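Asker: If you scroll down you'll find the structure; I have some questions about it.
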Amino acid sequence: MTSALPAWTTLPRDFYQHHPTVVAPALLNKILVRDDGRAGRIVEVEAYAGDQDPAAHSFKGMTARTATMFGEAGHLYVYFTYGMHWGANAVCGEVGQGWGVLLRALAPLAGLDRIRAARPAIRRDRDLASGPGRLSQAMGITGALDGADLVTDDRGIRIVSDGTAPCPDPVIGPRIGISRAQEFPWRWHVPDDANVSVRPRRRLER
DNA sequence: TTGAGGATTCTC
DNA sequence: AGAATCCTCAAA
């Protein structure tokens, strides 16, 4: 019997030590894993690039909120917004750059009972983790996990590969929900994946 | 001390 | 289209 389930190998530090426009598409088809069995395949991401990027939290330099983003690559930057939602990023680049990749959507893969329990109002599975706030809620990510090391798995969250190739032909387009640098094509998602978040409704100009 | 705005989601 | 809901940061 030679066939076996492919091993889940944690992504190494140097996977993250590049520009977020490189790391972001490379993260498509990787798997976000919690130590309680919850896991989901990453199907939508966005890049944020520090002082090169007016839309990034880190654009104007480090603050108390963004300290993690300026730290070592491979850690989790978790932010709070709109008074109720958490967002999760993989820090990338070198220390001091403030670069990261926002995890925007997962295709739930394991621990579905726990994921559904974390999203009790949701009826369809494709709505469980389709959006940064939904993803964080589904996976139990809050500010308590800000700074967690995805490489050493020091706090029960990591990103692994199951051997699936990177998405060969991702959809590329503008980022969602930002007011500046809207023209940067720094969003990538797996084509036709039901879990990809959708812009609510484009506001008509004028 | 104040206030505007926010890497969103849900409901009406 | 509007509400919910509160933290962050710059400016006064």
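Asker: Mind listing whichever residues of the range A:100-119 are buried (at least 21 other Cβ atoms within 10 Å of the Cβ) and in a helix (DSSP H, G or I)?
Answerer: Within the range A:100-119, A:ILE115 is the sole residue that qualifies.
Asker: When you check A:ILE122 against the structure, is it buried (at least 17 other Cβ atoms within 10 Å of the Cβ) and either under 26 Å from A:PRO12 (Cα atoms) or over 16 Å from the mean Cα position of the chain (by Cα) (or both), yes or no?
Answerer: Working: buried (at least 17 other Cβ atoms within 10 Å of the Cβ): yes; either under 26 Å from A:PRO12 (Cα atoms) or over 16 Å from the mean Cα position of the chain (by Cα) (or both): yes.
Taking the combined requirement at face value, the residue satisfies it.
Asker: Name the one entry in A:VAL160, A:VAL171 that is surrounded by fewer than 19 Cβ atoms within 10 Å (Cβ to Cβ), closer than 25 Å to A:GLN52 by Cα, in contact with a strand residue (DSSP E or B) (Cβ under 8 Å, 6 or more places away or on another chain) and at pLDDT 95 or above.
Answerer: Answer to the check: A:VAL171.
Asker: Name the single residue, out of those in the range A:35-65 being more than 14 Å from DNA strand C (Cβ to nearest atom) and of a type in the set (Gly, Ala, Ser), that is farthest from A:PHE80 (Cα to Cα).
Answerer: Across the range A:35-65, the extreme among qualifying residues is A:GLY37.
Asker: Could you list, in sequence order, the residues of the range A:78-101 that are within 15 Å of A:MET139 (Cβ to Cβ) and either under 11 Å from the mean Cα position of the chain (by Cα) or more than 16 Å from DNA strand C (Cβ to nearest atom) (or both)?
Answerer: Correct list: A:VAL78, A:GLY87, A:ALA88, A:ASN89, A:ALA90.
Asker: If A:TYR48 meets every condition in (1) over 15 Å from A:ASP146 (Cα atoms); (2) in contact with a strand residue (DSSP E or B) (Cβ under 7 Å, 6 or more places away or on another chain); (3) in a loop (DSSP other than H, G, I, E, B) apart from one, which number is that one?
Answerer: (3)
Asker: Could you identify the single residue in A:ASP146, A:ASP53 that is out of contact with any Leu (no Cβ under 9 Å at 6 or more places or on another chain) and acidic (Asp, Glu)? Steps first, answer last, please.
Answerer: Numbers: A:ASP146 fails: out of contact with any Leu (no Cβ under 9 Å at 6 or more places or on another chain).
Result of the check over A:ASP146, A:ASP53: A:ASP53.
Asker: Name the residues in the range A:6-21 that are loosely packed, with under 14 Cβ neighbours inside 10 Å and free of Cβ contacts under 8 Å to residues at least 60 places away in the same chain, would you?
Answerer: Of everything in the range A:6-21, just one residue is loosely packed, with under 14 Cβ neighbours inside 10 Å and free of Cβ contacts under 8 Å to residues at least 60 places away in the same chain, namely A:ASP14.
Asker: Tell me, which residue of the range A:51-88 that is out of contact with any helix residue (DSSP H, G or I) (no Cβ under 7 Å at 6 or more places or on another chain) and closer than 17 Å to A:ILE176 by Cα is surrounded by the most Cβ atoms within 10 Å (Cβ to Cβ)? Give the derivation first.
Answerer: Taking the range A:51-88 and keeping what is out of contact with any helix residue (DSSP H, G or I) (no Cβ under 7 Å at 6 or more places or on another chain), we get A:51-55, A:60-61, A:63-72, A:79, A:81-84.
This time we only want the ones that are closer than 17 Å to A:ILE176 by Cα, so: A:53-55, A:79, A:81-82.
Numbers: A:ASP53: 23, A:PRO54: 14, A:ALA55: 18, A:TYR79: 20, A:THR81: 12, A:TYR82: 8.
If we take residues in the range A:51-88 being out of contact with any helix residue (DSSP H, G or I) (no Cβ under 7 Å at 6 or more places or on another chain) and closer than 17 Å to A:ILE176 by Cα, then A:ASP53 is surrounded by the most Cβ atoms within 10 Å (Cβ to Cβ).
Asker: Can you pull out the residues in the range A:137-157 that are more than 14 Å from DNA strand B (Cβ to nearest atom), among the acidic types (Asp, Glu) and either closer than 18 Å to A:ARG104 by Cα or surrounded by fewer than 14 Cβ atoms within 10 Å (Cβ to Cβ) (or both)?
Answerer: A:ASP154
The values are calculated or read from the model by the stated rules, or taken from the named source; none is laboratory data. Quantities reported herein were computed from a predicted structural model and do not represent experimental measurements. All Cβ positions, glycine included, derive from the backbone under ideal geometry; neighbour counts span all protein chains shown.
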